[in-house]
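Written out below as structure tokens is the structure these notes cover.
Please treat every number below as a calculation from the coordinates, not as lab data. Please read these numbers as outputs of a predicted model, since none were measured by experiment. Here the Cβ positions follow ideal geometry from the backbone for every residue, glycine too, while neighbour counts run over all protein chains shown.
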Amino acid sequence: MASHATAGLPPPTPWQRFTRMLDTERDTIRYIIWYAVLAGVISLSLPLGTQAVFNLVSTGAVFGSTYLLIAVVVGGVLLGGLLTVGQLTLVEAIEQRIFAKAAIEYAYRLPRIKPEALEGQNPAELVNRFFDVLTVQKGLTKFLIDISFAALQVLFGVIVLAFYHPIFIAFGLFTIVALVLVYALNYRRALRTSI
């Protein structure tokens, strides 16, 4: 297979390399996203349940239903925690497979490098690029779990706010547009400075 330089193509961007690396993990990533959606929906039980408990207690009504509601809220928090543990387990499996693929690829390619191909290069520096896999592994958890969970929390939070008062619909849309603008305006510069 011809390299990008010999084929006249520009080298792949970091994002293209990252997505190509995760391409074989699509099914697992889909499960991680579904877990994030379920955890986001379940995490709504905490603020809504807490509000309902306070409303019941503030009216002086402490019935068996209050205790049941508290049990449902605690169960929702526990289930959300279990889903997060499931996400972390799936991400850990992806990280292990990425490391194994990179190690096998290096073990295959390293003995087959022709010495003349290394002229003008620092071989030790080229071999140290293997450790970039560790950087990818550290960032993968944040990318797959934290970003998806935060985005879904914002979305579900805006939906819940919309039920309280119509003005919150405009506030929620403004918040989402502001977040998208911050991302769009800083993405290129942030990517360039981090690599």
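The table below gives the values:
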| quantity | calculated |
| --- | --- |
| FRET efficiency for ALA151 and THR13, using Cβ-Cβ distance with R0 set to 25 Å, rounded to 0.05 | 0.65 |
| In degrees, nearest ten, helix 45-58 long axis to first principal axis of the chain (Cα) | 20 |
| Prolate/oblate/rounded call for the chain, Cα gyration tensor, a/c under 1.5 rounded | prolate |
| Estimated FRET transfer efficiency (ILE167, SER65; beta-carbon r; R0 30 Å; 0.05) | 0.40 |
| Relative contact order, percent, the range 1-110 [alpha-carbon distance under 8 Å, six or more residues apart] | 32 |
| Helical contribution to [θ] at 222 nm, DSSP H n ≥ 4, -39,500 (n - 2.57), averaged over the chain, rounded to 500 | -26500 deg cm²/dmol |
| Length released on extending from TYR31 to LEU134, taking residue separation times 0.36 nm less the Cα-Cα span | 34.8 nm |
